[in-house]
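Colleague: Below are the structure tokens for one structure; questions will follow.
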Amino acid sequence: MPKTIESNVLNVTAADPRATYLAHKDEIRAAIEGVLDRGRYILGDEVRQFECEFARYIGVRECVAVASGTDALQLALRACEIGPGDRVLTVSNTAVATVAAIHLVGATPVLADVDARTFTLDLECAENAIRHPHGQRIRAVIPVHLYGHPCAMDAMTALAARYDLRIIEDCAQAHGAAFGGRRVGSFGHLGAFSFYPTKNLGAFGDGGAVVTNDPQLATKLRLLRQYGWSERYISIIPGMNTRLDELQAAILRVNLRYLEHANARRRAIASEYDEALATSAVQIPVVLPEAFHVYHQYVIRSEDRENLRIYLQRRGVGTAVLYPVPIHCQQGYRDIIETGPGGLRETERASREILCLPVHPGLTNAQVGLIKSLVAAWTPQTVR
Ligand SMILES: *Cc1c(COP(=O)(O)O)cnc(C)c1O
């Protein structure tokens, strides 16, 4: 039976990493076979070449590939010698991983509110938190380029310089995003990336990387990545094991070649949604003039979010809520974090109103067309 547009749209999911595989199947299979045939499976040529290619793409000198985005953040913190007794500032509306990494190195997460327009760290709230610490001063800040929209890195770097803070950018959702023409990951002392399969640049397993322009930090990251080894069996500092494997590196090298293309597709879908929803009942994403948004997520807002979600689900459109529970409200974290003065009102409001429409590059034009007409036709009373 031929597939109709309707039967296609009935199957739209919030993310679809398999579409990336299917789009480049032959190249990916060849890359995997190459690794299997050569017989070197950990820290070989594929990882080295991926590190060079990814550093060049971001516009930095160094890239150190690791086992996940959480490890990338953790290693970046360790490279800055942040640990027990230290405080690290970030947001509460983020992946648990951001805050987990701070806790994993023994530091205390301090969570400040977000800008209501861009969902990224509100710099006024950040400054208030920095100026009114609960105890030890804040030593580092992790700006999260959430949903693929970059933080305002000009003001962010100025603030960090004023208070002598390390900047570790959380770029897990922003491969290729830029602010003022410069790619994220190149602004901070360090930038951390995740290659979880659904990210803009994804592996087909776990993976991550830390980038930096500082060769000394890069050397330290390489030591920390593998037991503190300066050479095989010789540990000169205490370290851990967080390596990217050759198979994932080979797959990432293929997917990196298509990242610009995939981001362009995400942006084209987003611009169709923008146009169709500009005068609808939902609020469309705000993009700062200096920002190059790569739409890891296309996030709309409505006070009647739950009904919109059900309405779309009933018509076969899967959506996601990133994130339904801010970290400071999570049972596992609420007692080990501190919050900035003034509370987290915008963060809490966002968690009730946000909805991520499918925006992955595997969507067909017909699917995008149907999703946008469904949302455009919805009114807060449309519950059937
Ligand atoms: C995915 C993600 C991470 C963590 O990456 P993992 O590879 O899953 O460990 C960190 N921060 C943000 C904002 C993310 O979206």
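Colleague: May I ask you to derive the relative contact order of the stretch 22-257, considering only C-alpha pairs under 8 Å and at least 6 residues apart, and to give it as an integer percent?
Modeller: 27 percent
Colleague: What dipole magnitude, in Debye to the nearest 20, does the stretch 256-384 give about its Cα centre under +1 on Lys/Arg Cβ and -1 on Asp/Glu Cβ?
Modeller: 480 debye
Colleague: What is the magnitude of the charge dipole of the chain about its Cα centre, with +1 placed on the Cβ of each Lys and Arg, -1 on the Cβ of each Asp and Glu, and no other charges, expressed in debye to the nearest 20?
Modeller: In debye, rounded to 20, the chain gives about 380.
Colleague: Cβ neighbours within 10 Å, averaged per peptide: list 64-73, 321-330 in order, most packed at the top.
Modeller: Those peptides, ordered most packed to least, come out 64-73, 321-330.
Colleague: Find how much the distance from SER230 to CYS52 grows on full extension, using 0.36 nm per residue of separation minus their present alpha carbon separation; answer in nm with one decimal.
Modeller: Value of the extension gain: 62.1 nm.
Colleague: If you don't mind, another one. How do the peptides 138-144, 23-29, 126-132 rank, highest first, by the average count of neighbouring beta carbon atoms within 10 Å per residue?
Modeller: Put in order of decreasing packing, that is 138-144, 126-132, 23-29.
Colleague: Student exercise: in the chain, how many lysine pairs 8 or more apart or on different chains have Cα atoms under 27 Å apart?
Modeller: Final tally of qualifying lysine pairs is 5.
Colleague: Relative contact order for the stretch 263-384: what is it in percent, counting Cα pairs under 8 Å that are at least 6 residues apart?
Modeller: Relative contact order comes out at 40 percent.
Colleague: Would you please give the residues with an amide H less than 5 Å from that of VAL12, counting only those at least 5 places away or on a separate chain, with H modeled from the backbone geometry?
Modeller: So VAL12 has HN proximity to GLY318.
Colleague: Between the stretch 78-124 and the stretch 20-61, what is the separation of their alpha carbon centroids in Å?
Modeller: Here the two parts' Cα centres lie 31 Å apart.
Colleague: For the chain, what does -39500 (n - 2.57) per DSSP helix run (n ≥ 4), summed and divided by total residues, give at 222 nm, in deg cm²/dmol to the nearest 500?
Modeller: Using -39500 (n - 2.57) per qualifying helix, the result is -12000 deg cm²/dmol.
Colleague: To continue, here is another question. Between GLU27 and ASP335, what is the FRET efficiency for a Förster distance of 51 Å, r being their Cβ-Cβ separation, to the nearest 0.05?
Modeller: Here the calculated transfer efficiency is 0.60.
Colleague: If packing is taken as the mean number of other Cβ atoms within 10 Å per residue, what is the order of 78-86, 274-282, highest first?
Modeller: Peptide ranking by packing, descending: 78-86, 274-282.
Colleague: Can I ask one more? In debye to the nearest 20, how big a dipole does the stretch 1-159 give about its Cα centre with +1 on each Lys and Arg Cβ and -1 on each Asp and Glu Cβ?
Modeller: Approximately 220 debye in magnitude.
Colleague: On a full-extension model of 0.36 nm per residue, what is the gain between GLN313 and ARG137, subtracting their alpha-carbon distance, rounded to one decimal in nm? Numbers along the way, then the final one.
Modeller: Working: separation 176, 0.36 × 176 = 63.36 nm, distance 4.63 nm.
Length difference between fully extended and current span is 58.7 nm.
Colleague: Okay, next question. Of the beta bridges DSSP finds with both residues in the chain, what % are antiparallel, to the nearest 5?
Modeller: 60 percent
Colleague: Out of LEU363, VAL88, PHE187, whose Cα points farthest toward the positive end of the dipole of the chain (charges: +1 Lys, Arg; -1 Asp, Glu; placed on Cβ)?
Modeller: So the residue furthest toward the plus end is LEU363.
The numbers here are math on the coordinates, done by the rules we state, and not lab data. Everything numeric in this text was worked out from a predicted model, so none of it was measured. Note: ideal-geometry Cβ built from the backbone for every residue, glycine included; neighbour counts use all protein chains shown.
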